[in-house]
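The values are calculated or read from the model by the stated rules, or taken from the named source; none is laboratory data. All figures in this text were calculated on a predicted structure; none of them were measured in a lab. Note that each Cβ is placed from the backbone with ideal geometry, even for glycine, and that neighbours are counted across all protein chains shown.
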Amino acid sequence: MAKIKLKNVSFGYNDGFSVINNVSISVLEGEFVSVIGPSGCGKSTILNLLAGLNFPTGGSILLDGRRIVGPGSERGVVFQHYSLFPWMTARQNIVFGLKQVNRAKTKKELEKVAAEYLEQVGLREFADKYPAQLSGGMQQRVAIARAFAMDSDILLMDEPFSAVDAINRMALQELLLNLWDNGAKRKTIVFVTHDVDEAILLSDRVVLMSAGAGMIKDDMAIDFKRPRNRTALLKSAAFSELRNTMVDLLYDDLLEQNGVEAAL
């Protein structure tokens, strides 16, 4: 049985504006699935529905066979903008998240877990710094550490690296893969991105959304073996072929949406 199942899901507003239409996606336990497409295609809407922040106007969304009825501790969310409390230190931000799912543990126990994850993301020496004292990349490391520390079965990630520079983006991608791949059990991840290269590097599957239509254009398996070596992968003919196929699909869809013949 799929860990997450969207079946013929639609979402729209009372004014008749439709965001997604008849979307069906299944995600297996421990699978890393990226959703990619242009702005306005419904990627973030799907993530909000999975988080229980909105509800479908058609179809159904199941988690372990049960309908999602709201937010839950089994789903962690990492947003594009770091979503840290500015009046709390890095350690306190993580401890606050842990309290929501570990109310029986003492403050000392929670701080120990927070320290372990800050160590894993390379921020042990910055535990007592406030968000304003950290770079954007560091803040996102704290947000990722908090999400993994909370030990949710599912991570929902909405363009989490788009606000950082290219070097930090690569570092955060490697960090995410290491945390996901080296734990006792892989978490199920649904990851929204605009970046084709990022989607291929990280994912087991990539779902391509159609521009303007709010529908799935393709669902592509990424068969490269793990762990993945970034340099070797980017230089491979198989990567180039897959990347070109995705870019062509997205570009042809864009041309169709703008009323331009793809042959041009």
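Go over the candidates ASP248, ASP195, ASP165 one by one and state the one that is at negative phi and in contact with a Lys or Arg (Cβ under 9 Å, 6 or more places away or on another chain).
ASP195
If you go through segment 80-92 one residue at a time, do you hit one that is under 28 Å from PHE32 (Cα atoms) and in contact with a strand residue (DSSP E or B) (Cβ under 9 Å, 6 or more places away or on another chain)?
Yes, because at least one residue in segment 80-92 is under 28 Å from PHE32 (Cα atoms) and in contact with a strand residue (DSSP E or B) (Cβ under 9 Å, 6 or more places away or on another chain).
Taking the condition surrounded by fewer than 20 Cβ atoms within 10 Å (Cβ to Cβ), polar (S, T, N, Q) and within 14 Å of the chain's Cα centre (by Cα), does SER83 pass?
Judged against the criteria, SER83 is not a match.
Show the residue pairs meeting these rules: Cβ distance below 7 Å; 6+ apart or different chains; first residue within segment 158-178 and touching a residue at least 60 places away in the same chain (Cβ under 8 Å); second residue in a helix (DSSP H, G or I).
Sorted first by the residue in segment 158-178, then by its partner, the pairs are ASP158/SER44; ASP158/LEU47; PRO160/GLN140; ALA163/GLY136.
How about segment 23-54: which of its residues are over 28 Å from LEU254 (Cα atoms), of a type outside the set (D, E, K, R) and in a loop (DSSP other than H, G, I, E, B)?
LEU28, GLY30, GLY52, LEU53
Given the options LEU155, LEU201, LEU175, name the one that is of a type in the set (A, V, I, L, M, F, W, C) and touching a Ser or Thr at 6+ places or on another chain (Cβ under 9 Å).
Result of the check over LEU155, LEU201, LEU175: LEU155.
Need a quick list: strands (runs of 3 or more DSSP E) entirely within segment 138-245 having at least 1 residues that are surrounded by fewer than 21 Cβ atoms within 10 Å (Cβ to Cβ) and in the same structural domain as PHE17 (by TED's automatic domain parsing).
Output list reads 205-209, 216-221.
Being in contact with an Asp or Glu (Cβ under 7 Å, 6 or more places away or on another chain) and either modelled with pLDDT of 95 or more or within 30 Å of GLN133 (Cβ to Cβ) (or both) is true for just one of VAL101, VAL33, VAL9, VAL77. Which residue is that?
VAL33
Among the residues of segment 1-18, write down those that are surrounded by fewer than 19 Cβ atoms within 10 Å (Cβ to Cβ), in a strand (DSSP E or B) and either over 18 Å from the mean Cα position of the chain (by Cα) or not assigned by TED's automatic domain parsing to the domain that holds LEU179 (or both).
Passing the criteria: LYS7, ASN8, SER10, GLY12, SER18.
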